[in-house]
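Written out below as structure tokens is the structure these notes cover.
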Amino acid sequence: MSRIAIIGGHGKVALELARILTSTGHQVSSLFRNPDHAAEVSASGATPVVADIEHLSTPELASRIRGHDAVVFAAGAGGGSAERTYSVDRDAAIRSMDAALSARVSRYVMISYFGAKPDHGVPEDNSFFPYAESKAAADSHLAHTDLTWTILAPSTLTTAEGTGQIETGPDLTPTKVARQDVARVAAVVLDRPNTAGKVIRFNNGSTPIDQALDGTN
Ligand SMILES: NC(=O)c1ccc[n+]([C@@H]2O[C@H](COP(=O)([O-])OP(=O)(O)OC[C@H]3O[C@@H](n4cnc5c(N)ncnc54)[C@H](OP(=O)(O)O)[C@@H]3O)[C@@H](O)[C@H]2O)c1
């Protein structure tokens, strides 16, 4: 049994991940910002922890994740204003990594996106630019820490029922993937320290998740 802290715990991927982890015997604390969402977060099996990460310092975040074995960052501003995107997807994400380090929670899984990289190619005048910049900065910060990190880079997320099957690999073209399968991939990756130091880009595909992730080792 592990103790997992999910940041952005009221998100769609986060709620699904909490359901998977708690139903397989793990303890989950879900950090979420709106107290009105406490019952929904509890229903996922997680212990609800009200935490608006935009407004918590690194030590305040560290105090909320201390004692866990792993952190999953599943939060996102969801394409709000550029200011909020930088604040959540870049700055709060980076503080959460520093918090994990200071709280000695060594395992860290980031939900990023398929195209995340410093040379993302999104033009500055595109509304997606702040997100692309934020995710590139956060992923780069993570990759330069001593955390045992894994970056999940799914393509476009859907609300379709998951299939439990994905495709991954270096020459993949992004298509789409069900949020339920992103959560399943995160759950498997948490159990596999040998995915540390990897950026895993994936779509829904035709290979069972466990087997597809063997190929990333
Ligand atoms: N959309 C795509 O096609 C796509 C593709 C690849 C990767 N991704 C990534 O996948 C992530 C997870 O996707 P999803 O569908 O689960 O997203 P989601 O449902 O929008 O969940 C994001 C969560 O972050 C929370 N959040 C925002 N600001 C916060 C704050 N200050 N403090 C605490 N929590 C905060 C939101 O809280 P509220 O519930 O209160 O709003 C929301 O619950 C996204 O954030 C994105 O980075 C998305």
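Would you work out if the stretch 164-217 is rounded, prolate or oblate? Take a ≥ b ≥ c from the square roots of the eigenvalues of the alpha-carbon gyration tensor; rounded if a/c is under 1.5, else prolate when a/b is larger than b/c, oblate otherwise. It would help to have the intermediate numbers written out before the result.
On the way: a/c = 1.67, a/b = 1.23, b/c = 1.36.
Verdict is oblate for the stretch 164-217.
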- request: Would you mind calculating the relative contact order of the chain from Cα pairs under 8 angstrom and at least 6 residues apart, reporting the percent as a whole number?
  value: 18 percent
Cα-based shape type of the stretch 1-124, given that a ≥ b ≥ c are square roots of the gyration tensor eigenvalues and the cut on a/c is 1.5: prolate
message: Residues of the stretch 1-37 with backbone nitrogen within less than 17 Å of a virtual label 7 Å along the Cα-to-Cβ line of Val188, please, listed as ranges.
response: 17-18, 20-21, 24
message: Looking only at the chain, where both bridge partners belong to it, what percent of the DSSP beta bridges are antiparallel (to the nearest 5)?
response: 15 percent
- request: Given the options Ser134, Ser23, Ser102, state which has the largest fluctuation in a GNM of the chain using a 10 Å cut-off (strictly under) for Cα springs.
  value: Ser23
message: Could you identify which residue out of Thr22, Thr150, Thr159 has the top mean-square fluctuation in a GNM of the chain using Cα springs shorter than 10 Å?
response: Thr159
- request: Report, by chain and number, residues whose modeled amide H sits under 5 Å from the one on Trp149, excluding near sequence neighbours (fewer than 5 apart, same chain).
  value: Tyr108, Gly197
statement: One finds, for Glu54 and Ser2 with R0 = 35 angstrom and r their Cβ-Cβ distance, a FRET efficiency to the nearest 0.05 of 0.85
field: Peptides 82-91, 123-132 ordered by average Cβ neighbours within 10 Å, highest first
entry: 82-91, 123-132
task: Sticking with the crude label model, points 7 Å out along Cα→Cβ, report the distance from Thr158 to Asp210 in nm, one decimal please.
output: 2.5 nm
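Taking only C-alpha pairs under 8 Å that are 6+ residues apart, what is the relative contact order of the stretch 99-217 in percent?
Values: 209 pairs, mean separation 33.6, N = 119.
Once normalised by length, the contact order is 28 percent.
Give the average over all directions of the projected area of the C-alpha convex hull of the chain, one decimal, in nm². Working shown, then result.
Details: hull surface 44.0 nm².
Dividing the Cα hull surface by four gives the mean projection, 11.0 nm².
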task: Determine ³J(HN,Hα), in whole Hz, for all residues of the stretch 150-165 in sequence, where each value follows from phi through the Karplus function 6.51 cos²θ - 1.76 cosθ + 1.60 and θ = phi - 60°; x replaces Gly and Pro.
output: 9, 10, 8, 10, x, 7, 4, 8, 10, 9, 4, 5, x, 10, x, 10
field: GNM top mover of Ser206, Ser96, Ser112 - the chain, alpha-carbon springs below 10 Å
entry: Ser206
Thr175-Ala143 FRET efficiency (beta carbon distance; Förster radius 22 Å; 0.05 resolution): 0.30
task: Would you mind working out the magnitude of the charge dipole of the stretch 3-214 relative to its Cα centre, with +1 at each Lys and Arg C-beta and -1 at each Asp and Glu C-beta, to the nearest 20 Debye?
output: 480 debye
statement: Restricting to aspartates and glutamates and to Cα separations under 20 Å from Lys135, and discarding same-chain partners fewer than 8 apart, the set is Asp52, Glu54, Glu83, Asp89, Asp91, Asp98, Asp119, Glu124, Asp125, Asp146
task: Would you work out which of Pro170, Ser57, Ala70 lies farthest towards the positive end of the dipole of the stretch 3-214? Charges go on Cβ: Lys and Arg +1, Asp and Glu -1.
output: Ala70
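Each value in this text was obtained by applying a stated rule to the coordinates, not by laboratory testing. Since this is a predicted model, take the numbers as computed values, not measurements. Cβ atoms come from the backbone with ideal geometry, glycine included; neighbour counts cover every protein chain shown.
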